[in-house]
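Undergrad: Submitted below is the structure of interest, expressed as structure tokens.
The values are calculated or read from the model by the stated rules, or taken from the named source; none is laboratory data. All of these numbers come straight from a predicted model, not from anything done at the bench. For neighbour counting, all protein chains shown are included, and Cβ atoms are generated from backbone atoms with ideal geometry for every residue, glycine included.
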Amino acid sequence: MLARPAIGVRKGHRVQLLQLIKNRSLLVAPYRRLKITSDPDDNKFVECADTARADYLITGNGRHFPRFWKGTKIITPREFIEVAVPHLLRG
């Protein structure tokens with residue numbers, strides 16, 4: 001996924017980005033079912049974001065999701081990188 005040209009992460013920085021994500025990740029177990037997305041299989045991601053009170057839900061399939069869910073903004077991988085680590089992008 002990070003190798004896709006549309007994402008734009010420089011080859012030498014992909015491992016650095018994955019390590020950053022790993023270090024900031026939180027494992028959650030959703031405690032309630034939601035019916036938010038147009039694809040029922042995608043609701044589990046909103047459920048996790050809701051439980052974690054996540055700032056962002058990152059997906060390459062945004063057409064199935066609302067733009068926001070409570071305090072969580074649904075963004076593309078490229079948008080996330082632009083916000084979190086813009087220095088890792090190709091110049």
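Undergrad: Within segment 57-67, count every residue that is outside any loop (DSSP other than H, G, I, E, B) and surrounded by 11 or more Cβ atoms within 10 Å (Cβ to Cβ).
TA: From segment 57-67, those outside any loop (DSSP other than H, G, I, E, B) are 57-58, 62-64; that's our starting set.
Cutting the leftovers down to surrounded by 11 or more Cβ atoms within 10 Å (Cβ to Cβ) gives us 57-58, 62, 64.
Summing the residues that are outside any loop (DSSP other than H, G, I, E, B) and surrounded by 11 or more Cβ atoms within 10 Å (Cβ to Cβ) in segment 57-67 gives 4.
Undergrad: How do the pairs read when you match residues in segment 9-29 that are more than 13 Å from ALA84 (Cα to Cα) with residues anywhere that are of a type in the set (Gly, Ala, Ser) and surrounded by 14 or more Cβ atoms within 10 Å (Cβ to Cβ), using Cβ under 6 Å and keeping only pairs 6 or more apart or on different chains?
TA: Listed by first residue and then by second, the contacts come to LEU26/ALA52; VAL28/ALA52.
Undergrad: Right, here's the next one. Going through segment 1-43 one residue at a time, which ones are in contact with a Pro (Cβ under 7 Å, 6 or more places away or on another chain) and either assigned to a helix (DSSP H, G or I) or surrounded by 12 or more Cβ atoms within 10 Å (Cβ to Cβ) (or both)? Walk me through it before giving the result.
TA: Here is the first cut: in segment 1-43, the residues in contact with a Pro (Cβ under 7 Å, 6 or more places away or on another chain) are 1, 7, 36.
Within segment 1-43, ILE7, ILE36 qualify.
Undergrad: Here's a follow-up. Does VAL28 qualify as being among the β-branched types (Val, Ile, Thr) and at pLDDT below 95?
TA: Working: among the β-branched types (Val, Ile, Thr): yes; at pLDDT below 95: no.
It is false that VAL28 is among the β-branched types (Val, Ile, Thr) and at pLDDT below 95.
Undergrad: Does ALA52 fit the bill of being aliphatic (A, V, I, L, M), surrounded by 10 or more Cβ atoms within 10 Å (Cβ to Cβ) and either touching a Cys at 6+ places or on another chain (Cβ under 7 Å) or more than 22 Å from ILE7 (Cα to Cα) (or both)?
TA: On the way: aliphatic (A, V, I, L, M): yes; surrounded by 10 or more Cβ atoms within 10 Å (Cβ to Cβ): yes; either touching a Cys at 6+ places or on another chain (Cβ under 7 Å) or more than 22 Å from ILE7 (Cα to Cα) (or both): yes.
Yes, satisfied.
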